[in-house]
Amino acid sequence: MSIRGVLVPVVTPFKADLSPDRDRFIRHCQWLVSQDCGLAVFGTTSEANSLSAKERKNLLDALVVAGIDPSRMMPGTGCCSITAHAIQHGCGGVLMLPPFYYKKVSEDGLYRYFSEVVQRVGDTRLKIYLYHIPPVAIVGITPKLVERLLKAYPSAIAGMKDSSGDWNNTKPFLDAFAKDAFDVFVGSESFLLANMRNGGAGTISATANVNPRAIHELYEKCSGVCVKRRRNQKALGTSASTPADLEALQARLNVVREVFSNKKFPSMIAALKQAIAIYTNDQEWTRVRPPLIELTTEQAKLLATELRAIGFRWQQ
């Protein structure tokens, strides 16, 4: 069964020496799972490219030992060793960046890269979710590349995350591939309603680190409406929602997203960690690894003020 719904690119807490704080990481992941979210650990928001392969493997091991169901995990990977490690644990899939150091690489080069990963991992359990994030990686995923990969490896290429921030980029993937069980996740909950209305699988969203229950509520209610539309009957366990209800839920999510996207903060990652520190009363959460920097005292006050102004509540 494929992984769907709201997945969280989990922020990674660090100790004073900037080593990963395993205990805080586990507790945060357990809380997110309790909010009905899956875990896309080692994503962009996780500062994954500032973590070594060994650190990522050790943290993944720790989550499994802590009893978190690996089938609800989609670790970010960029090499065969981490991908194979995730498969051995029974993870629901892996979120894979394209090779991004060299720019303007050809489609043939990208196809060859992903082909090599599939063949070298050599495991029928492999489920790859392609990660399209052109604002960061520059190198992107195209519909033509997806078409070629699906034709060659239909069981291994399971879906994608589109973090382009452009609905006009996401929609063609849905139109072309959603009907064939290629699961499309949007990289921001701002597009969650549109994605679900067009056959999408959910969202992998940074702000789900702090607003998981509200984001999952929209996913759940929208899923119920979509099921009802397809089956022409009320979905069991899901309250009926009108289009206006769903639009209202989406609008509230957008307001929260806008606070954390404020360009007055050095990064969304630092703002999310600051918010966790505020609402858990634990300043250890504020640390980020270089080259990122923490919020200043004044920026932290601004964040707290803006969250109060929109009536944001931390859901325990």
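The values are calculated or read from the model by the stated rules, or taken from the named source; none is laboratory data. Worth saying up front: this structure is predicted, and the values here are computed from it rather than measured. Backbone-built Cβ (ideal geometry, glycine too); neighbour counts: all protein chains shown. We work out accessible area using only protein heavy atoms, side chains counted, and drop any ligands, DNA or RNA first. Shrake-Rupley method; radii C 1.70, N 1.55, O 1.52, S 1.80 Å.
For the reader, a short list of remarks on this structure follows.
- A Gaussian network model of the chain, with springs between Cα atoms under 10 Å, assigns the largest mean-square fluctuation among Glu217, Glu284, Glu298 to Glu298.
- Cβ-placed point charges (K, R +1; D, E -1), dipole of the chain about Cα centre in debye, nearest 20: 440 debye
- Heavy-atom accessible surface of the chain: percent carbon and sulfur, 1.4 Å: 52 percent
- Estimated from helical segments only, the mean residue ellipticity of the chain at 222 nm is -14500 deg cm²/dmol, where each DSSP H run of four or more residues counts as -39500 (n - 2.57).
- Computed about its Cα centre, the charge dipole of segment 136-188 is approximately 140 debye, with only Lys, Arg, Asp and Glu carrying charge at their Cβ.
- Centre separation in Å (Cα based) which lies between segment 259-279 and segment 37-99: 23 Å
- A viscosity of 0.692 mPa s and a temperature of 37 °C, combined with the Kirkwood radius over C-alpha pairs in the Stokes-Einstein formula, give the chain a diffusion coefficient of 165 µm²/s.
- Charged-residue dipole, Cβ positions (Lys, Arg, Asp, Glu), segment 10-71 about Cα centre, Debye nearest 20: 120 debye
- Positive dipole terminus of the chain, leading residue within Ala181, Ser106, Ile293 (C-beta point charges): Ala181
- Solvent-accessible area per residue in the chain equals 46 Å², computed with a 1.4 angstrom probe and all protein chains kept.
- Mean-square fluctuations from a GNM of the chain, with a 10 angstrom spring cutoff on Cα atoms, peak among Pro290, Pro99, Pro212 at Pro290.
- Across Asn281, Asn254, Asn49, mean-square fluctuation computed from a Gaussian network of the chain (C-alpha pairs under 10 Å connected) peaks at Asn281.
- Relative intensity, log₁₀ I(q)/I(0), of segment 76-129 from a Debye sum that treats every alpha carbon as a point, q = 0.18, 0.26 Å⁻¹: -0.56, -1.03
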